[in-house]
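Below is one structure, written out as structure tokens; comments come after it.
The values are calculated or read from the model by the stated rules, or taken from the named source; none is laboratory data. The shown structure was predicted, so the numbers you read here are calculated from the model rather than taken from an experiment. Here the Cβ positions follow ideal geometry from the backbone for every residue, glycine too, while neighbour counts run over all protein chains shown.
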Ligand SMILES: Cc1cc2nc3c(=O)[nH]c(=O)nc-3n(C[C@H](O)[C@H](O)[C@H](O)COP(=O)(O)O)c2cc1C
């Protein structure tokens, strides 16, 4: 097993779906032996968040991340995070199977919160993990699609396996 690292899992969530994804990621990483601080951006955010890695998640709303997620990324110490991975994740609505409806709606999901978090991290000269985790919800408010939490755990496990 690799050495124990300190990580942050920060999330914003309106209906609780992104929170459940964040909890699953945090739980998986703790299970791998890491020390994880779970941060709800809807509450008071602690200062001086310096860890070895971070996950940052937000629901996709109107094709974007929430303003709380955005200000969190903007406040991170760019020097500290220039050499430590930041992983973006989001929740998005599940698109209909019908290709015509799908084509019409895809613009709402393709450029959502996670790709924007990753882009903002990179724009600020910080180190973005190349892959983003995107998790689908049914309808506009959820719940998460079946298997979503298992997939989130698997993603976290893969990330942890690459940590040195
Ligand atoms: C006002 C509003 C706007 C939304 N806009 C989008 C959108 O642009 N793209 C998308 O995929 N989902 C959109 N959704 C669905 C959200 O992604 C969904 O509510 C979210 O994943 C739930 O996460 P939460 O439970 O953590 O808040 C929207 C939902 C609401 C209520």
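Structure above, values below:
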{"item": "Condition met for residue 88 (free of Cβ contacts under 8 Å to residues at least 60 places away in the same chain and surrounded by 17 or more Cβ atoms within 10 Å (Cβ to Cβ))", "result": "yes"}
{"item": "Breaking point among (1) more than 16 Å from the ligand (Cβ to nearest atom); (2) outside any helix (DSSP H, G or I); (3) modelled with pLDDT under 95, for residue 97", "result": "(1)"}
{"item": "Extreme residue, farthest from residue 58 (Cα to Cα), among residues of segment 100-109 that are near the ligand (Cβ under 9 Å from one of its atoms) and surrounded by 12 or more Cβ atoms within 10 Å (Cβ to Cβ)", "result": "105"}
{"item": "Residue satisfying all of: in segment 9-37; over 21 Å from residue 112 (Cβ atoms) and surrounded by fewer than 18 Cβ atoms within 10 Å (Cβ to Cβ); farthest from the ligand (Cβ to nearest atom) among these", "result": "33"}
{"item": "Subset of segment 63-80 (residues that are touching a residue at least 12 places away in the same chain (Cβ under 8 Å), part of a loop (DSSP other than H, G, I, E, B) and more than 16 Å from the chain's Cα centre (by Cα))", "result": "77, 78"}
{"item": "Unique residue being more than 16 Å from the ligand (Cβ to nearest atom) and within 19 Å of residue 134 (Cα to Cα) when the list is 73, 45", "result": "73"}
{"item": "Qualifying position, being away from the ligand (no atom under 11 Å from the Cβ) and within 12 Å of residue 89 (Cα to Cα), among 131, 122, 136", "result": "131"}
{"item": "Selected residue [within 30 Å of residue 80 (Cβ to Cβ) and not in a helix (DSSP H, G or I)] from 130, 146", "result": "130"}
